[in-house]
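Chemist: I have a structure here, written as structure tokens, and I will follow up with some questions on it.
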Amino acid sequence: LIHDRLKPDVDERIMHMRRITLAFILGLALAACGTAGTSTPITVQEPWARPAALMDMDDESMSGEGEMDEGEMDEGEMSEAGEGMGGMMGHGNGVNSAAYMVIANSSSAPDFVISATTDVAETVELHTVEMNDGVMQMRQVEQIEVPANGQVELKPGGFHVMLLGVQQNLNPGDTVSLTLTLQNAGDIQVEATVREP
Amino acid sequence: MLILRLLRSFRLYALLFIVLLSGCGGSHEFTATVLEPPNTAPDFSLVNQHGETFQLSEQQGSVVLLFFGFTSCPDICPGELAQLAAVRRELGSDAEQVQVAFVTLDPERDTPERLGWYVGNFDPTFYGLYGSPEELEPVLQDYGVTSIKRELEGSQLGYTIDHSAFLYAIDKAGNWRLLFPYGSNIDDIVADVRYLTRENVQ
């Protein structure tokens, strides 16, 4: 009997709590929408890229008698071959560079850089370097974690955005536009300044 | 007033520092690992980007800085070469007695021309040295260089070269004197190399 009497009261209380929870979740979702619409928890600081110069076969340093069979190529062909080295050779034989930056994440969830693109290079890959017993080992990575409420530093001798087959000279002072794709935050535009380390 | 006092004490310290330095005379505390007793650097003969023979034993009178790497390398090798270019700038006129030589670990992809282009981006005086795998093998052994070709599946790079990244300093008498670990401070390298350039060679 007592139980029956209490029951509606309890039900009502549960309903009330549910309503509060629902309102809370709705509020949270709205707040999340708000931040996602205007800004992202990801910020990029001090992006920079290494200078790169395309091979110029007319360069003085190329005029020596190297291993190349110069006799079989006239100068015009040499120049064409040189321009081709801008990136068409593939398998790492083009001109390569790297971009570095600090990526910070103000969200309470970790995020991951999963890819990057740029107009100045044929391919962009994510790499890291590990030193084991004094041996530098560079490896491609699938993603770079940006820890929750933390940051990751892409720097020489560590994580870097590798630019393979660079298509144009990257001179100090130039800007390289990169698009980083993060698993949660989506695409982030980065303007990296070309400079010496 | 405080600033003046600080300045005065700074001047005193600076003076003290100079006195102490001059007291040191010829001795120099190397930051790099010192090879003792210094032995004649193992000789080798490779070709530079101009197609000329580079014989190490013929470089006496210059301090030779050797670094081993590969030109497809976008991180460690350009970092080291940029640092060596900065070292030469810092050395000023002492740099005239310093020869930097970058030895390829990737004879498959590198050519003397490509090496010349690569090192020339950092300093026109740098040599890029090339040799066939057979010619390079004893050099790597003599200098304790680790170099392992590693396929990178899925990477456009195709393969990378895992390699040790020491900087070797050979003095004007042709002795292998110093070994700098990767990431050494530029000022430390400058101080050590400057000392070697100013040594009197009998």
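Chemist: Would you pick out the residues in the stretch B:61-79 that are small (Gly, Ala, Ser) and farther than 20 Å from A:Gly158 by Cα?
Modeler: Across the stretch B:61-79, the qualifying residues are B:Gly61, B:Ser62.
Chemist: Looking only at the stretch B:146-202, count how many residues are away from chain A (no Cβ under 14 Å) and among the small types (Gly, Ala, Ser).
Modeler: So the answer is 4.
Quick grid of which residues meet (1) within 22 Å of A:Pro172 (Cα to Cα); (2) part of a loop (DSSP other than H, G, I, E, B); (3) charged (D, E, K, R); (4) away from chain A (no Cβ under 13 Å):
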site: B:Leu66; (1), (2), (3), (4): no, no, no, yes
site: B:Ala82; (1), (2), (3), (4): yes, no, no, no
site: B:Leu115; (1), (2), (3), (4): yes, no, no, no
site: B:Gly128; (1), (2), (3), (4): no, no, no, no
site: B:Pro138; (1), (2), (3), (4): no, no, no, yes
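Chemist: Does A:Asn132 satisfy being at pLDDT below 95 and either under 11 Å from the mean Cα position of the chain (by Cα) or within 28 Å of B:Glu153 (Cβ to Cβ) (or both)?
Modeler: When the stated conditions are applied, A:Asn132 passes them.
Chemist: Looking at B:Phe44, B:Phe68 in this structure, which one is surrounded by 22 or more Cβ atoms within 10 Å (Cβ to Cβ), among the aromatic types (Phe, Trp, Tyr), closer than 17 Å to B:Ala169 by Cβ and at pLDDT 95 or above?
Modeler: Result of the check over B:Phe44, B:Phe68: B:Phe68.
Chemist: Also: Restricting to the stretch A:39-62, and then to whatever is part of a loop (DSSP other than H, G, I, E, B) and facing chain B (nearest Cβ under 8 Å), can you tell me which residue is modelled with the lowest pLDDT?
Modeler: A:Asp59
Chemist: Could we say that A:Gln189 is more than 30 Å from B:Lys149 (Cα to Cα) and part of a strand (DSSP E or B) here?
Modeler: yes
Chemist: Right, another one. Condition test on B:Phe102, is it in contact with a helix residue (DSSP H, G or I) (Cβ under 8 Å, 6 or more places away or on another chain), within 14 Å of another protein chain (Cβ to nearest Cβ) and under 21 Å from B:Ser45 (Cα atoms)?
Modeler: yes
Chemist: Based on this model, can you work out whether A:Asp187 counts as more than 13 Å from chain B (Cβ to nearest Cβ), free of Cβ contacts under 8 Å to residues at least 12 places away in the same chain and surrounded by fewer than 16 Cβ atoms within 10 Å (Cβ to Cβ)?
Modeler: yes
Chemist: Please work out which residue is surrounded by the fewest Cβ atoms within 10 Å (Cβ to Cβ), limiting yourself to the stretch A:110-145 and to residues that are within 9 Å of chain B (Cβ to nearest Cβ) and free of Cβ contacts under 8 Å to residues at least 12 places away in the same chain.
Modeler: A:Asp133
Chemist: Still on this structure, I have one more. Just to be sure before I move on: is B:Gly144 at pLDDT 95 or above, within 23 Å of B:Gln83 (Cα to Cα) and in a loop (DSSP other than H, G, I, E, B) in the structure I sent?
Modeler: The answer is yes for B:Gly144.
The values are calculated or read from the model by the stated rules, or taken from the named source; none is laboratory data. This is a predicted model, so every value here is computed, not measured. All Cβ positions, glycine included, derive from the backbone under ideal geometry; neighbour counts span all protein chains shown.
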